[in-house]
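Have a look at the structure below before the remarks.
Please treat every number below as a calculation from the coordinates, not as lab data. A quick note: this is a predicted structure, and the numbers were derived from the prediction, not measured. Every residue, glycine as well, gets a Cβ built from its backbone with ideal geometry; the counts of neighbours run over all protein chains shown.
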Ligand code: ADP
């Protein structure tokens, strides 16, 4: 668990740093593109204004100025004569409303800009806004301030226009096209004209999309690579610990017959045994039995390491399936399965099938020995054989200790031993089921397990009648 954390934690932290760095880079690119976008429109707007001035001698606000001029000439004396403060304030509001409405409606700049943008092949849809900074009426050198922008947040900047956006005037989403100051005998006006391109977000996104896609892709690639490396590393670790367990079990398994043989050899040297023919026979039998066991273990390991190097090859023969299984079970019953009660039921639709009798015997034997090994006293084993579709199915059930769900996922792996790893309560090397799986697969079939801890296990081998 500790090892897992030492790899996982730095990995996750690095990925988070990478994501943050990507966010910073992409937002930087976004900002840059946004500014470039504004700059482009500002330049086009200046060009448009110059064009207008050159060809028509106007900036688009001449009519508005004229209207405001004549309105001011009429209103300035009126306001100069009002002494009541609240009445004066109310009139000032009316005046301001008039000025903003005129500046917004009686100008030709918006229409011209839109046409100019279209002619330049850039987005022509935008909303415009007029921001009044200062407006005062003048009557006989007396100045009557109507509106002063204090340049403070919420100071009541007088805005007019079609803008529905909530952005602050002059914020990045709005582009300043023109600032203007006009003055005559009746008024002084200072205002700014802004535009806001409707599809700006989408257009900037389109320009940023390549960097965005690249950054998302790089994050995904790094995460995927990390996950793959992490999984491989974990698998390596598991395999290495399985190998250590295997070596421990193996040493134990080999040492037992070896020390029996050593002791038996010493026994034969003892003077009181040398002349005892019966004891010599018994000891020789013991040595023989242990040597066979030793040989079996070594063969099994050699065979498995050979499978790793070469393709697993089987020699198939036509056999009578029920007869073959019965013989294997009988043999087992009279040999190492003497303590078990074994029941058999068969229902094969086709009497004959093709399989390698030697390997098939090993497969059934391994399952039967496990059923005995992992059951307490008086194991009850049930062997069932039947046909399902094109397959022969053989099920071997026991009433033993069962296998937990987690172990069920791994028991067919090489060297895997459930739970205890290298505890020698049940002898074994963790190769029996690996062998079973390999043999079943070499016949084109498979093996599965269903089990409940404490209730017993059922192994199901499925082999097609014909591959
Ligand atoms: P081994 O028996 O040498 O440990 P196997 O590959 O035959 O190796 O089995 C792998 C593991 O599966 C065993 O360690 C055991 O925990 C579990 N197992 C196999 N068969 C049974 C069974 N019939 N009942 C309970 N557990 C079993």
Multiply the residue gap between residue 84 and residue 108 by 0.36 nm, knock off their C-alpha separation, and tell me the result in nm, one decimal place.
4.8 nm
Stick to the Cα atoms of the chain, pair each with every other, and give me the Kirkwood hydrodynamic radius in Å at one decimal.
32.1
In nanometres, the difference between 0.36 nm per residue of separation and the alpha-carbon distance of residue 347 and residue 217 is 41.1 nm
Proportion of all alpha-carbon pairs of the range 31-84 beyond 14 Å (%):
71
Over all pairs of distinct alpha carbons, what does the Kirkwood formula give as the hydrodynamic radius of the range 296-401, in Å?
15.1
Spin-label model distance (nm) - residue 115 vs residue 238, 7 Å beyond Cα toward Cβ
7.4
Share of Cα-Cα pairs in the range 336-467 beyond 18 Å, whole percent, is 53
Which distance in nm do the two modelled labels at residue 285 and residue 122 give, with both placed 7 Å along the Cα-to-Cβ direction?
10.5
Quote the FRET efficiency, to the nearest 0.05, computed for residue 269 versus residue 292 with a Förster distance R0 of 25 Å and r equal to the Cβ-Cβ distance.
0.65
Only helices counted: for the chain, with every DSSP H run of 4 or more residues adding -39500 (n - 2.57) and the sum spread over all residues, [θ] at 222 nm is -19500 deg cm²/dmol
Regarding the range 1-109, what are the three Cα extents along the principal axes, ordered largest first, in Å?
89, 46, 16
Residue span residue 39 to residue 262: 0.36 nm per residue of separation minus Cα-Cα distance leaves a gain in nm of 70.9 nm
Computed log₁₀ I(q)/I(0) - Debye formula, equal Cα scatterers, no solvent, the range 423-467, q 0.24, 0.32 Å⁻¹
-0.92, -1.07
Over the chain, what is the percentage of antiparallel beta bridges among all DSSP beta bridges, to the nearest 5?
90
